[in-house]
Amino acid sequence: MSVDQGELTLSPEWAAWVTENALNGASPQELIEGLADEGLCPEFAEREVVRLITSAPFQAAKQWRREALR
């Protein structure tokens, strides 16, 4: 985890893990459980997964991936 303006966020490595796995089809629940299995608080994990998968960059990457796989 890292501190960003006084609020905890996932480390860049964990954020990349969430992003990569979400783009490869993992469900939000699977991502949350994976983070919780690594010792993160489930509520924190849920907040971060939702933040990442609803972000504009993730949505753009998801669209790009969908088009690239056509």
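Do you know which of the residues in the stretch 44-70 that are among the acidic types (Asp, Glu) and modelled with pLDDT of 95 or more is farthest from Thr9 (Cα to Cα)?
Within the stretch 44-70, the subset among the acidic types (Asp, Glu) is 46, 48, 67.
Subset that is modelled with pLDDT of 95 or more: 46, 48.
Working: Glu46: 11, Glu48: 7 Å.
Step by step, filter the stretch 44-70, then rank; the result is Glu46.
Of the residues that sit in the stretch 1-31 and are more than 12 Å from the chain's Cα centre (by Cα) and polar (S, T, N, Q), which one is modelled with the highest pLDDT? Step by step, filter the stretch 1-31, then rank; the result is Ser2. Among the residues of the stretch 24-43, those that are part of a helix (DSSP H, G or I) and open to solvent by 80 Å² or more (accessible area, probe 1.4 Å) comprise Gln29, Glu30, Glu33, Asp37, Glu43. Residues in the stretch 49-60 that are part of a helix (DSSP H, G or I), surrounded by fewer than 16 Cβ atoms within 10 Å (Cβ to Cβ) and under 13 Å from the mean Cα position of the chain (by Cα): Val50, Arg51, Ala56, Pro57, Gln59. None of Glu20, Glu46 is part of a helix (DSSP H, G or I), open to solvent by 90 Å² or more (accessible area, probe 1.4 Å) and touching a residue at least 12 places away in the same chain (Cβ under 8 Å) except Glu46.
The values are calculated or read from the model by the stated rules, or taken from the named source; none is laboratory data. Quick caveat: nothing in here was measured; it's all calculated off a predicted structure. Note: ideal-geometry Cβ built from the backbone for every residue, glycine included; neighbour counts use all protein chains shown. Note: areas computed on protein heavy atoms with side chains; ligands, DNA, RNA excluded. Shrake-Rupley method; radii C 1.70, N 1.55, O 1.52, S 1.80 Å.
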